[in-house]
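Structure first, then comments.
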Amino acid sequence: MRRLEGKVAIVTGGGGGIGSAVARRIVAEGGRVAIADLFEDSAKRAAEPLGEDAMAIGFDAADAASVAAMVEATVKRFGRLDILHNNAALTDPERQQQDTTAIDIPLEIWNATMTINVTGYLLGCKYALPHMIAGGGGSIINTASGSGMAGDLARVAYGSSKGAIIALTRYIATQHGKQGVRCNAIAPGVVLTEALSRTVPGLADIIKRHILTPRFGTPEDIAALAAFLASDESAYITGQTISIDGGSMAHQPHYADLADFMAGMQA
């Protein structure tokens with residue numbers, strides 16, 4: 001399919017597993033993409049196989065001037081902007097391990113998480129929207145999470161930031177829909193990436209009991225949904241948060257334990 005023919009996209013956090021998969025899918029569908037990442041070398045590695053249809057940009061989601069420069073560099077190179085995938089996030093394992101509870105979290109960890117995960121997305125929208133509106137419209141896709149929909153035993157800042165992203169998505173959709181800009185959020189569950197393995201060893205084994213599909217999600221699954229939301233096929237979808245989590249949020253919380261109990265009765 002070539003659903004994104006002639007369209008130009010920015011993918012932030014584009015050097016990571018999900019971001020690079022989204023960038024590859026955009027180019028495969030006929031689009032051109034700016035791959036933006038705090039680690040410019042990672043962005044370059046993701047962009048290099050995509051040839052002239054991709055460019056790498058080093059940027060800092062916590063710095064307004066850096067975000068503005070990222071958008072301007074993209075428009076200067078490709079001439080327009082149609083798609084923004086806000087996907088950057090604080091993924092440093094050392095800081096994530098300090099994201100615990102409201103009592104114990106260091107305030108600087110809370111602030112850093114909110115600045116990168118929320119303010120960074122707002123800045124992306126702030127500087128991308130004028131170009132999209134001038135070009136007749138566009139699609140903004142925000143990476144949220146199931147953590148923004150339900151509480152957990154740790155990562156209070158991360159979960160709160162993802163809840164804020166869900167709200168931000170609705171506000172952008174509401175305020176700019178009549179100008180031709182759609183805004184939706186993707187809420188991944190556990191997706192098998194190198195970053196996940198480094199950050200929370202053993203988490204995949206715990207979560208596996210609670211998903212309904214035979215396998216875990218992959219970055220390519222997220223990329224497929226992002227490509228749909230970026231394309232005109234989703235023209236009547238805006239302000240939505242779409243879970244892509246193997247059904248982990250679709251069942252009663254006792255599902256896995258009850259399944260084990262019933263299997264024991266049949267043994």
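The values are calculated or read from the model by the stated rules, or taken from the named source; none is laboratory data. Quantities reported herein were computed from a predicted structural model and do not represent experimental measurements. FYI the Cβ positions are ideal-geometry reconstructions off the backbone, even for glycines, and counts take in every protein chain you see.
Look at segment 72-106 and say how many of its residues are aliphatic (A, V, I, L, M) and either in contact with a Pro (Cβ under 6 Å, 6 or more places away or on another chain) or farther than 20 Å from Ala43 by Cα (or both). Please lay out each step first, then the result.
If we filter segment 72-106 for residues that are aliphatic (A, V, I, L, M), which is where we start, we get 73, 75, 81, 83-84, 88-90, 102-103, 105.
Filter again for either in contact with a Pro (Cβ under 6 Å, 6 or more places away or on another chain) or farther than 20 Å from Ala43 by Cα (or both), leaving 102-103, 105.
Total meeting the criteria: 3.
So, of the residues in segment 110-149 that are in contact with a Gly (Cβ under 6 Å, 6 or more places away or on another chain) and not in a helix (DSSP H, G or I), which turns out to be farthest from Ile10 (Cα to Cα)? Quick ask: steps written out before the conclusion?
Going through segment 110-149, the residues in contact with a Gly (Cβ under 6 Å, 6 or more places away or on another chain) turn out to be 132, 136-137, 146-148.
Filter again for not in a helix (DSSP H, G or I), leaving 136-137.
Details: Gly136: 17, Gly137: 15 Å.
Taking the candidates together, the pick is Gly136.
When residues of segment 236-267 are filtered for being assigned to a loop (DSSP other than H, G, I, E, B) and out of contact with any Gly (no Cβ under 9 Å at 6 or more places or on another chain), how many remain? Give the steps one after another, and end with the answer.
First, the residues of segment 236-267 that are assigned to a loop (DSSP other than H, G, I, E, B): 236-240, 245-254, 267.
Pick out the ones that are also out of contact with any Gly (no Cβ under 9 Å at 6 or more places or on another chain) and you get 236-237, 240, 250-254, 267.
Residues in segment 236-267 being assigned to a loop (DSSP other than H, G, I, E, B) and out of contact with any Gly (no Cβ under 9 Å at 6 or more places or on another chain): 9 in total.
Between a residue in segment 69-95 that is among the aromatic types (Phe, Trp, Tyr) and any residue that is buried (at least 16 other Cβ atoms within 10 Å of the Cβ), which pairs come within a Cβ distance under 6 Å, given they are 6 or more apart or on different chains?
Phe78/Val8; Phe78/Arg32
If the Cβ limit is 7 Å and pairs must be 6+ apart or interchain, which residue in segment 158-176 that is more than 27 Å from Ile109 (Cβ to Cβ) pairs with which residue that is buried (at least 23 other Cβ atoms within 10 Å of the Cβ) and of a type outside the set (Phe, Trp, Tyr)?
Taking only residues 6 or more apart or on different chains, the pairs are Ala173/Arg182; Ala173/Cys183.
Given the options Ala62, Ala88, name the one that is aliphatic (A, V, I, L, M), under 30 Å from Glu5 (Cβ atoms) and not in a strand (DSSP E or B). First the steps, then the outcome.
Details: Ala62 fails: under 30 Å from Glu5 (Cβ atoms).
Going through Ala62, Ala88 in turn, the sole match is Ala88.
Looking at Gly124, Gly138, which one is touching a helix residue (DSSP H, G or I) at 6+ places or on another chain (Cβ under 8 Å), at pLDDT 95 or above, surrounded by 24 or more Cβ atoms within 10 Å (Cβ to Cβ) and farther than 25 Å from Val191 by Cβ? Spell out the reasoning first.
On the way: Gly124 fails: farther than 25 Å from Val191 by Cβ.
From the options Gly124, Gly138, the qualifying one is Gly138.
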